[in-house]
Structures are given as C-alpha cells and as structure tokens.
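So the structure is just underneath, and the comments pick up after that.
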Amino acid sequence: MTQPKDAAARRAVKPVICYPVETLPAPNMPVYEAARQNLTKVDEVLAPARDAAVFNVPAGHFFRISSVEGSQVGDLNLWSANDLSEKFYTGKTRALHGTHITTGQQMWSSFPQLRPMATITHDTLGWYGIDEFGGSVHDVIGTRCDPYTHNLLAGGQYHHCCHSNLSRAMGDHLGITAQEAESHVHDVLNVFMCTGFTRDTGQYFMKGSPVRPGDYLEFFAEIDLLGCLSACPGGDCSDKHSSDSAQCHPLLIEVFKPADDSLEGWKSPAMNGYNRSHGL
Ligand SMILES: [Zn+2]
C-alpha cells in the first residue's frame, strides 16, 4: 500500500493520555492500609475448579481472592448488592487505569452511577510489573471465556466456560434460570491472569500465570457488593481454555470486617454527579 510522504511524521506524533487521572478523587490508601492491619474473617466461600461461587461483601469490608492449591486464574463479576443494574464496567476502568489493575486502583461501576465499587488494597503479584512481552497481571481487557465464541471458533458445546459458570451460579443465587441470569453476567476482572496485546498484530494473548498458592488479591468494598467468581477452565491459562484439558484448581474468597472506628473519614461513594439531562 502506498504511504503519504509525511507518513513517518504522522506516526511520530506523541500520544497523550486520554483520561489523565490527576483530578480523579484518590482513595485514601493510608486509611485502608491501617484498617487492614486488624481484620476479622466473617465469611469464606470456595469457587470450585471449572465452576463459580457467589459472595456478599458489605460496604466497608475487605475481601480477598486467594490461590489455594495451584496456579489458577479467576473471572470476577461485581454488582451493587442493592441494584443489579449497577455492575462492574471494565471498559471505563481500563480507560481510567490502564489494561491491568493493582493496589491503589479501583473497579468502576456502570452508568449512571460511575463510582468506585471496590479499591484494590493489596496485591501479592504487584512485583510482576510489565514483562518483556507486554504482559501483566489482573487484566480488564479480556472479556470472559464463553461458549458462544468457543462454538464459533471450534464448534461443539462446552458448558464450563466462565460465562456459563457465572450464569449458573447467579441463576442459583437469584432463583432464576441460567439463561435468565446470563444477562447479568458482564465483562470481568481477570484475577491472576497474565495477558497483553502482541506488538506485531495487536492480538490479545495469555501466558502461564505467575500466581502460586498463598498469593492473593485484596479489595475494599466501597459499596454493598454482590460478587461472583469463576475458577476458569483455562487453569493457569498457559495453554488452552474453554475445554477440560487444562489442570484446574479452586479459588478461595474470604470476607473480612475491619475493627470499629478504623475507617476514619471514609464514606461510601455517592452516585456520579452528572445531572442526566443530556442537554434537554
Ligand atoms: Zn475463563
């Protein structure tokens, strides 16, 4: 293909950050850091291998997702426990924080609330950074493995993709069918998954997760949360997903209450301030 004479100059234009976060209200990390020193476990749920589990986290509590038996990635959905139409918005979280999130960054909810649902307060894989392939951990760029894409690419009927695991668990929890529940399922935070985009073709890639038993990702619930976590059929996602061929392990979810009066100055975030008139 012919290129314009000034192609190199056009490519050399410097990028600017779309959403500079300097004006984003920053979470008060020292308050969370102090509060997490004195936690009492109030609940524990295991997401079985190739399956999902539902959990509740009251606002002002912490929750942890831990690797327990072997290297395993998890697909996390979050909703406001009081209004399932308010759910985790991966796209906006990505636009604000980048392709992968870690300590100090937040999971944002859908419109019109667009507020922090959860703040990451500890990440034992925070040391990983960005590797030589452009890969990093805990992405908001993948969607979730699902049987529709699998059918499109490989044919067949596979029933333990994260999308189906989340749909079954939510159906069970809400007393509705998995088909009804799947409209609540949304794009995930890929907990412990190591992913990126290839530099040459821009394609989404995965590689074996660096997570090991004992590693965990910890969150602070900014609002009352309903969560659902699927232990992905891809296992550590080093090779395949959407089949039973990968070695898979459960993931542990634990909920913790901080000591009374330990959240000095913290308030559950209000709904977004836009007036929703849309100019009319
Ligand atoms: Zn999956």
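Observations
- Here 153, 166, 174 are screened, and the one residue that is among the hydrophobic types (A, V, I, L, M, F, W, C) and more than 16 Å from residue 228 (Cα to Cα) is 153.
- Every listed requirement among (1) touching a helix residue (DSSP H, G or I) at 6+ places or on another chain (Cβ under 8 Å); (2) closer than 27 Å to residue 247 by Cβ is met by residue 96 save one, (2).
- From 143, 149, residue being of a type in the set (Val, Ile, Thr), within 15 Å of the ligand (Cβ to nearest atom) and part of a helix (DSSP H, G or I): 149
- On the stretch given as segment 187-207, residues that are in a loop (DSSP other than H, G, I, E, B) and surrounded by 14 or more Cβ atoms within 10 Å (Cβ to Cβ) total 2.
- For segment 237-255, a residue qualifies if it is within 11 Å of the ligand (Cβ to nearest atom) and touching a Lys or Arg at 6+ places or on another chain (Cβ under 6 Å), and the qualifying residues are 246, 248.
- Filtered residues of segment 206-223 (kept if more than 13 Å from residue 193 (Cα to Cα) and within 16 Å of the ligand (Cβ to nearest atom)): none
- Some residue of segment 120-135 being under 19 Å from residue 173 (Cα atoms) and more than 16 Å from the ligand (Cβ to nearest atom): no
- Hey, residue 240 in a loop (DSSP other than H, G, I, E, B), surrounded by 12 or more Cβ atoms within 10 Å (Cβ to Cβ) and without any contact (Cβ under 8 Å) to a residue 24 or more places away in the chain or not: yes
- Here is the figure for segment 243-262: residues that are surrounded by fewer than 17 Cβ atoms within 10 Å (Cβ to Cβ) and at pLDDT 95 or above total 1.
- Selection count where residues are under 16 Å from the mean Cα position of the chain (by Cα), under 15 Å from residue 52 (Cα atoms) and more than 8 Å from the ligand (Cβ to nearest atom), scope segment 224-236: 5
- Residues of segment 108-122 classified as among the hydrophobic types (A, V, I, L, M, F, W, C) and over 15 Å from residue 61 (Cα atoms), total: 3
- Residue count for segment 178-212, restricted to those that are of a type outside the set (Gly, Ala, Ser) and either in contact with a helix residue (DSSP H, G or I) (Cβ under 8 Å, 6 or more places away or on another chain) or over 25 Å from residue 68 (Cβ atoms) (or both): 17
- Meets criteria (at pLDDT below 95 and over 21 Å from residue 109 (Cβ atoms)) for residue 69: no
- Within segment 253-275, residues that are touching a residue at least 12 places away in the same chain (Cβ under 8 Å) have Cβ atoms under 9 Å from residues that are acidic (Asp, Glu) and in a loop (DSSP other than H, G, I, E, B) in these pairs: 266/222; 268/222; 268/224; 269/222, counting only partners at least 6 apart in sequence or on another chain.
- In segment 132-151, the residue that is nearest to residue 33 (Cα to Cα) out of those that are in contact (Cβ under 8 Å) with a residue 12 or more places away in the chain and charged (D, E, K, R) is 139.
Results for (1) in contact with a Ser or Thr (Cβ under 6 Å, 6 or more places away or on another chain); (2) part of a loop (DSSP other than H, G, I, E, B), shown as yes or no for each residue.
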residue: 185; (1), (2): yes, yes
residue: 227; (1), (2): no, no
residue: 230; (1), (2): no, no
residue: 257; (1), (2): yes, no
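- The set of residues from segment 152-184 being within 15 Å of the ligand (Cβ to nearest atom), farther than 26 Å from residue 94 by Cβ and of a type in the set (Ser, Thr, Tyr) comprises just one member, 158.
- Evaluation of residue 220 against (1) surrounded by 15 or more Cβ atoms within 10 Å (Cβ to Cβ); (2) more than 22 Å from residue 94 (Cα to Cα) (one fails), failing number: (2)
The values are calculated or read from the model by the stated rules, or taken from the named source; none is laboratory data. Quick caveat, the model's predicted, so the values are computed rather than measured. Cβ atoms come from the backbone with ideal geometry, glycine included; neighbour counts cover every protein chain shown.
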